[in-house]
Amino acid sequence: MIGKIRRPRRGLLAIGVALAFVAAGCGGSTSTPGLPGGVTLPTIPGGGAVGTGSLSQGIAANLDTLNSYKFTETMSGSSFGAQATSDSSGTTISGTVINKPDQREWINFAGSQFIVIGTQEWMSSDGTTWMSAGAAVSAFDAYLPGKLYGTWFDAYSTGYQAAGEETQNGVACIHYKGNSSLGNMYSAIAGVNGTFTADLWVAKDGGYPVKGVLAITASAGGQGGSFGYTLDVTNVNDATNAVAQPSVDAIPT
């Protein structure tokens, strides 16, 4: 799309919301939307090695060794029951990451878009009108898969066991399944009846997360809620992956 960079007059609120998400993502514990009482999920230590019985922590860092990839993450939460609130929500984060030959990122957070190239960044509320945001800040890394993967999978790594080999998103993977200890631990610490189911696929070559699906449900006192998180990593090292710099002559769609 061809156009001129102009000062956005509308849509800055959406960018502000996205920045608030970054700030929240840089904190410690994670409060789960939709669950009774604003339950905070526990963190437990992990161990093991990719390809053996248990899941290793920190494998999201292996995404940084790829030349490039695309990703999509979704989060959703809801409440139900006699006193259900209106906190049902859904969020999608998607983007393209270029690691080599230079660092470039394009991120779409619920419609607000960000481009980071080296130490410079740009923001847009509609993907058409861009404004320069000066030097990039590390907080934007909170949008990338590693941050949420660490929250929802690393924190529970000892509860995963290898369940065979499968292909996901065109990549040969080891399939890990969350075991019953996850649900039991969650129920005991949260003080509510809960279930926790999760599946994760890790690339056999490179040891990076390829696909993850997680679901939590809980109930207490006639109220209940659910939370879901999904991750997909696609187009790994695809030569067509690209992130272009917005300019007065060319605005990427």
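What follows is calculated from the coordinates using simple rules that are stated; it is not laboratory data. These numbers come from a predicted model, not from an experiment. Please note: Cβ atoms are built from the backbone with ideal geometry, for glycine as well, and neighbour counts cover all protein chains shown.
Key figures
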| quantity | calculated |
| --- | --- |
| Burial order of peptide ranges 162-174, 93-105 (average beta-carbon count within 10 Å, highest first) | 93-105, 162-174 |
| Sites GLN120 and VAL213, calculated FRET efficiency, Cβ-Cβ separation with R0 35 Å, nearest 0.05 | 0.50 |
| Label point distance in nm, ALA239-ALA61, each placed 7 Å from Cα along Cα→Cβ | 3.2 nm |
| Full-extension gain in nm, ALA163 to THR72, via 0.36 nm per residue minus C-alpha separation | 30.4 nm |
| Candidate lysines - alpha carbon under 16 Å from LYS70, same-chain residues fewer than 8 apart omitted | LYS100, LYS147, LYS211 |
